[in-house]
1. Does residue 123 meet the test of being within 13 Å of the ligand (Cβ to nearest atom), touching a helix residue (DSSP H, G or I) at 6+ places or on another chain (Cβ under 7 Å) and within 30 Å of residue 269 (Cα to Cα)?
2. Specify which of the listed residues (60, 76) is buried (at least 22 other Cβ atoms within 10 Å of the Cβ), outside any helix (DSSP H, G or I) and away from the ligand (no atom under 11 Å from the Cβ).
3. In the range 109-121, is there at least one residue being at negative phi, surrounded by fewer than 24 Cβ atoms within 10 Å (Cβ to Cβ) and either touching a residue at least 24 places away in the same chain (Cβ under 8 Å) or in contact with a strand residue (DSSP E or B) (Cβ under 9 Å, 6 or more places away or on another chain) (or both)?
4. Can you name every residue in the range 137-155 that is in contact (Cβ under 8 Å) with a residue 12 or more places away in the chain, more than 11 Å from the ligand (Cβ to nearest atom) and either in a helix (DSSP H, G or I) or closer than 22 Å to residue 103 by Cα (or both)?
5. Quick one: which of 221, 251 is touching a residue at least 40 places away in the same chain (Cβ under 8 Å) and either crowded, with 17+ Cβ neighbours inside 10 Å or touching a strand residue (DSSP E or B) at 6+ places or on another chain (Cβ under 7 Å) (or both)?
6. Run down 30, 82, 5 and say which single residue is over 19 Å from residue 154 (Cα atoms) and assigned by TED's automatic domain parsing to the domain that holds residue 142.
7. So residue 298 passes all but one of these: (1) in contact (Cβ under 8 Å) with a residue 40 or more places away in the chain; (2) part of a loop (DSSP other than H, G, I, E, B). Which condition number does it fail?
8. State which residue is surrounded by the most Cβ atoms within 10 Å (Cβ to Cβ) when the search covers only the range 185-207 and only residues that are closer than 22 Å to residue 229 by Cα and at pLDDT 95 or above.
Ligand SMILES: *Cc1c(COP(=O)(O)O)cnc(C)c1O
């Protein structure tokens with residue numbers, strides 16, 4: 001990313017674009033032709049899916065169990081369409097019975113949109129089952145995989161999802177600013193057969209594909225963020241080198257270690273099993289603890305940033321990310337250690353070293369052949385030097 005910028009139509013850059021599409025197909029587990037990174041953060045990926053598939057007058061069922069479902073509904077409304085909300089409590093997964101009831105009572109609904117991994121709450125929804133309901137009721141499915149891609153299984157083809165978008169800065173461990181996206185053949189046809197042009201010129205996929213599509217003749221659409229795309233390319237190469245399954249296993253193992261440590265320190269996770277996201281751990285703030293002070297202490301004294309609660313959970317939880325390359329044993333240990341000091345500083349009795357010991361035990365009980373990026377990193381640096 002820090003290298004000299006080359007042209008956005010340079011043959012070397014165009015070769016990289018083709019590789020990027022294959023790497024994204026690997027990450028999404030899809031054969032979808034229309035698989036590209038959108039120039040913009042995850043929200044632009046979300047908006048791209050919706051503005052291309054939704055026309056004025058359409059009805060879209062939107063599942064909301066946290067902050068990001070609400071954003072989808074807002075975009076649907078701005079498309080001139082009707083958003084039918086299926087609401088679940090923050091911290092719970094999307095309820096399949098409620099989704100089916102909404103599909104039954106809105107037989108003309110064109111699409112069903114939901115968030116696979118709710119970053120605002122730490123809850124994972126059953127994407128395979130929700131997509132299956134979409135198929136059963138003849139609805140396109142639009143899936144937010146911003147926080148799931150690279151951290152937990154995302155199976156675009158097996159789910160039969162029609163449109164999936166993600167983001168570069170969550171489990172892909174890249175700087176923010178790009179949004180990988182994949183459209184099924186059925187979804188690509190819906191875009192082609194629109195009655196009205198997409199209201200957004202920039203996000204109109206029929207125009208964007210003139211630049212990203214196959215064939216030697218690329219036509220200028222917008223100037224691609226060349227250096228940022230090289231960064232995403234490298235992060236996808238790293239994911240493929242580690243292997244998707246190995247990356248998922250690493251996220252799961254480090255999550256179990258963190259959880260064991262937190263519980264040994266008397267802290268509880270908000271989300272119930274089996275809906276917990278390994279990459280986003282939502283911890284309930286104990287009574288009498290100043291949650292902002294703990295976060296400030298971790299950041300200034302330990303160099304660790306954890307998230308605050310959002311929306312309905314503001315002030316009630318901490319959100320600890322173990323995403324992508326940051327999901328390491330070292331980070332789990334450092335976080336538990338920092339939390340112990342920060343909580344003790346507020347007069348809360350935390351038995352010294354108990355969290356770390358429980359996490360060590362949890363790791364020792366796991367497969368010793370587990371992959372670990374801490375060990376893989378120096379090898380990689382040497383290779384690229
Ligand atoms: C981060 C996130 C987004 C938005 O991505 P930005 O890059 O911040 O625009 C959307 N959905 C989910 C689930 C996210 O975690």
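The values are calculated or read from the model by the stated rules, or taken from the named source; none is laboratory data. Computed from a predicted model, the values in this text were never measured in an experiment. Don't worry about glycine lacking a Cβ; one is built from the backbone with ideal geometry, like all the others, and counts go over all protein chains shown.
1. no
2. Among 60, 76, only 60 is buried (at least 22 other Cβ atoms within 10 Å of the Cβ), outside any helix (DSSP H, G or I) and away from the ligand (no atom under 11 Å from the Cβ).
3. In the first step, residues of the range 109-121 are kept if they are at negative phi; the result is 109-121.
With surrounded by fewer than 24 Cβ atoms within 10 Å (Cβ to Cβ) added as a condition, the list becomes 109-110.
In the following step, the residues that additionally are either touching a residue at least 24 places away in the same chain (Cβ under 8 Å) or in contact with a strand residue (DSSP E or B) (Cβ under 9 Å, 6 or more places away or on another chain) (or both) were identified as 109-110.
Within the range 109-121 (the criterion being at negative phi, surrounded by fewer than 24 Cβ atoms within 10 Å (Cβ to Cβ) and either touching a residue at least 24 places away in the same chain (Cβ under 8 Å) or in contact with a strand residue (DSSP E or B) (Cβ under 9 Å, 6 or more places away or on another chain) (or both)), the answer is yes, since at least one residue qualifies.
4. 137, 139, 140, 141, 142
5. Working: 221 fails: touching a residue at least 40 places away in the same chain (Cβ under 8 Å).
Criteria check complete, one pass: 251.
6. Of 30, 82, 5, the one residue that is over 19 Å from residue 154 (Cα atoms) and assigned by TED's automatic domain parsing to the domain that holds residue 142 is 82.
7. It is condition (2) that residue 298 fails.
8. Per the stated criteria, the residue is 205.
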